[in-house]
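Comments concern the structure below.
The values are calculated or read from the model by the stated rules, or taken from the named source; none is laboratory data. Model, not experiment: these values are computed from the prediction. Neighbour counts run over all protein chains shown; Cβ positions are idealised from the backbone, glycine included.
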Amino acid sequence: NAGVTQTPKFQVLKTGQSMTLQCAQDMNHNSMYWYRQDPGMGLRLIYYSASEGTTDKGEVPNGYNVSRLNKREFSLRLESAAPSQTSVYFCASYYRGGNEQYFGPGTRLTVT
Amino acid sequence: DQQVKQNSPSLSVQEGRISILNCDYTNSMFDYFLWYKKYPAEGPTFLISISSIKDKNEDGRFTVFLNKSAKHLSLHIVPSQPGDSAVYFCAASAVSDQFYFGTGTSLTVIP
């Protein structure tokens, strides 16, 4: 059981470049999330998906798109990266009725 | 507007003493509260939770207290150990799959 996996672990982009962060979970959870963590800001929700085929905006969705490819995978896309998107990104999954979210190890993204 | 607040960015405690981490919330609809622990370069991991129907939940050295009238919860770690040094996030949810996180408190346990 790998839990929640994220790729890549590190990425450096130039302003205007695009990229997709990948996330997968093997726990058969319905809900998946993307957060960003910035100093002094805690974990802020970018997008979440309550089930396969559905996505909803969180607190800070601007500049991002998501895709719930299937029950296992939830990707986050930056179409035109900006320095303000420099952050650590965490994917998480959750089983309704369970106790907690499970988090991946994070992707550290730097936009120059 | 931050619905879950952790007003102490950092806390230092001597090994063996009690660590008390605090969290306040504004949304009275929150009915489930959690604490996560995060080490550098790792994702947060679940520590302990409490439902709004309770005012205390204990798991080994960790106890969470909930004061609904004050919209306040706290995490007590007794005794504190150097391995407890990490960032602690509190989180809350309101009968949904959406969770709201505080800004975190960095705990340092001094040997």
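Answer yes or no: is there a residue in region A:58-69 that is within 12 Å of chain B (Cβ to nearest Cβ) and at pLDDT 95 or above.
So the first thing to find is which residues in region A:58-69 are within 12 Å of chain B (Cβ to nearest Cβ), and the list is A:58-59.
Then drop every residue that is not at pLDDT 95 or above, which leaves none.
No, because not a single residue in region A:58-69 is within 12 Å of chain B (Cβ to nearest Cβ) and at pLDDT 95 or above.
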Pairs only if they're at least six apart or on different chains, beta carbon under 9 angstrom, first in region B:73-93 and without any contact (Cβ under 8 Å) to a residue 40 or more places away in the chain, second among the small types (G, A, S); list them, first residue then second.
B:S85/B:S106
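I'd like to verify a number: residues in region A:92-106 that are more than 7 Å from chain B (Cβ to nearest Cβ) and buried (at least 23 other Cβ atoms within 10 Å of the Cβ), how many? Outline the logic, then answer.
Of the residues in region A:92-106, the ones more than 7 Å from chain B (Cβ to nearest Cβ) are A:92-93, A:95, A:97-98, A:102.
Now restrict to residues that are buried (at least 23 other Cβ atoms within 10 Å of the Cβ): A:92-93.
So the count comes out to 2.
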What do you reckon, is A:R36 under 20 Å from B:F89 (Cβ atoms), of a type in the set (K, R), touching a residue at least 24 places away in the same chain (Cβ under 8 Å) and crowded, with 22+ Cβ neighbours inside 10 Å?
yes
Is it the case that region B:13-26 has a residue that's among the polar types (S, T, N, Q), surrounded by 19 or more Cβ atoms within 10 Å (Cβ to Cβ), within 28 Å of A:G104 (Cβ to Cβ) and in contact (Cβ under 8 Å) with a residue 40 or more places away in the chain?
yes
Look through region B:18-37, keep the residues that are under 10 Å from the mean Cα position of the chain (by Cα) and hydrophobic (A, V, I, L, M, F, W, C), and return whichever of them is farthest from the other protein chains (Cβ to nearest Cβ).
B:I20
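If I ask for residues that are among the aliphatic types (A, V, I, L, M) and either crowded, with 20+ Cβ neighbours inside 10 Å or away from chain B (no Cβ under 13 Å) (or both), which ones from region A:70-91 would you list?
Taking region A:70-91 and keeping what is among the aliphatic types (A, V, I, L, M), we get A:76, A:78, A:81-82, A:88.
Hits for region A:70-91 are A:L76, A:L78, A:A81, A:A82.
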In region A:14-48, anything part of a loop (DSSP other than H, G, I, E, B) and touching a helix residue (DSSP H, G or I) at 6+ places or on another chain (Cβ under 9 Å) is listed as A:T15
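Can A:G42 be described as surrounded by fewer than 18 Cβ atoms within 10 Å (Cβ to Cβ) and on the phi > 0 side of the Ramachandran plot?
Numbers: surrounded by fewer than 18 Cβ atoms within 10 Å (Cβ to Cβ): no; on the phi > 0 side of the Ramachandran plot: yes.
No, not satisfied.
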